[in-house]
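For reference, the structure discussed in these notes is given below.
The values are calculated or read from the model by the stated rules, or taken from the named source; none is laboratory data. Source: prediction; values computed, not measured. Glycine gets a Cβ as well: all are built from the backbone with ideal geometry, and neighbour counts include every protein chain shown.
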Amino acid sequence: MSMDKIISRILLFAACSSTAILALIALFIFKEGVPIMAKSGLGHFLLGREWAPVEGQFGILSFMIGSLWITLGALFLGVPLGLACAVYIAEFAPKKWALVLKPAIELLAGIPSVVYGFLGVIWLAPLIRNHMGGPGLSILAASCVLAIMILPTIVGVSIDALQAVPVYYKQGSLALGATHWQTVRRVLLPAAQSGILTGIILGMGRAVGETMAVIMISGNTISIPHSALDSVRTLTANIAIEMGYAIGDHRQALFATGVVLFFFIMLLNIVALKISKKKF
């Protein structure tokens, strides 16, 4: 057997192994979570407002709304800032300055999430509480922290997408009399939109799946929020907080929460992919 066939089979085995592991994880989560959803009723489980495991109440509506608010808030704050940083570094910053800025932003990804949560509790939460009201530990605080945490992903992928645009696109636009900013806005950004959206999707996945920082900064109140200054508990935070002591139906309800989170992320990705097909 030739070396090319051996390497090809090794790569095929690695690809199949990764897919099989993902399938087994999904199968295990569904096996553990679906029974309690069938027992309680899917509508009651998804739309119920009461989460009281001792009383057999497993409604996760408040967790879903909290996760959605925090994720959208993080994207609302992080995407414009990340895209602006990427455009500046890729197109406007001097080369020496760009060589410093990009690694500095990428270093943010190496900071443990617990550090972000600690800084949010110490600095951000009191600032929000003193100047805007509310408990401080809130949707707004969690969104701000997550917006910073997803910046390295959005900035890094967006820079690569902008730099991957063929140089003659830019040269042709400038030759026709367009300014540098007009070239960026009307030529480079539309040409790199698929790569930029990939970075946004990856950042969104980071925001949805983040646990430790959200536990520390969101307030963990089991209630439906009415403003960005209210405390909430997310799907991931609920699983992390209660899985250590959950048994029986309570444990199954947490796995069912994981099933909902699985579909929640899939839905967000589908929406993002639909948006990617539209032109700027």
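Within the stretch 109-137, the residues that satisfy the criterion of being outside any loop (DSSP other than H, G, I, E, B) and surrounded by fewer than 16 Cβ atoms within 10 Å (Cβ to Cβ) are 109, 110, 114, 115, 118, 122, 123, 126, 127, 130, 131, 132.
I need the full set of residues from the stretch 143-160 which are touching a residue at least 40 places away in the same chain (Cβ under 8 Å) and either aromatic (Phe, Trp, Tyr) or closer than 23 Å to residue 194 by Cβ (or both), in order please. Matches in the stretch 143-160: 147, 150, 151, 152, 153, 154, 155, 156, 157, 158, 159.
Condition check: touching a residue at least 12 places away in the same chain (Cβ under 8 Å), under 30 Å from residue 223 (Cα atoms) and either in a helix (DSSP H, G or I) or of a type in the set (A, V, I, L, M, F, W, C) (or both). Does residue 140 satisfy that?
Details: touching a residue at least 12 places away in the same chain (Cβ under 8 Å): yes; under 30 Å from residue 223 (Cα atoms): yes; either in a helix (DSSP H, G or I) or of a type in the set (A, V, I, L, M, F, W, C) (or both): yes.
Yes, satisfied.
Selection of the stretch 38-68 for residues being of a type in the set (Val, Ile, Thr) and farther than 25 Å from residue 205 by Cβ yields only 54.
Scanning the stretch 158-182 for residues that are under 13 Å from residue 90 (Cα atoms) and either part of a loop (DSSP other than H, G, I, E, B) or β-branched (Val, Ile, Thr) (or both) turns up 159, 164, 165, 167. Taking the conditions (1) under 25 Å from residue 226 (Cβ atoms); (2) at pLDDT 90 or above in turn, residue 88 satisfies each one other than (1). Could you tell me whether residue 178 is in contact with a Leu (Cβ under 9 Å, 6 or more places away or on another chain), more than 26 Å from residue 121 (Cβ to Cβ) and without any contact (Cβ under 8 Å) to a residue 40 or more places away in the chain? So residue 178 fails the test.
Only one of the numbered conditions (1) at pLDDT below 85; (2) touching a Gly at 6+ places or on another chain (Cβ under 9 Å) is violated by residue 272, and that is (2).
If you go through the stretch 216-264 and keep only what is surrounded by fewer than 16 Cβ atoms within 10 Å (Cβ to Cβ) and among the polar types (S, T, N, Q), you end up with 223, 227.
The condition (being surrounded by 19 or more Cβ atoms within 10 Å (Cβ to Cβ) and closer than 24 Å to residue 216 by Cα) is satisfied by just one residue among 40, 67: 67.
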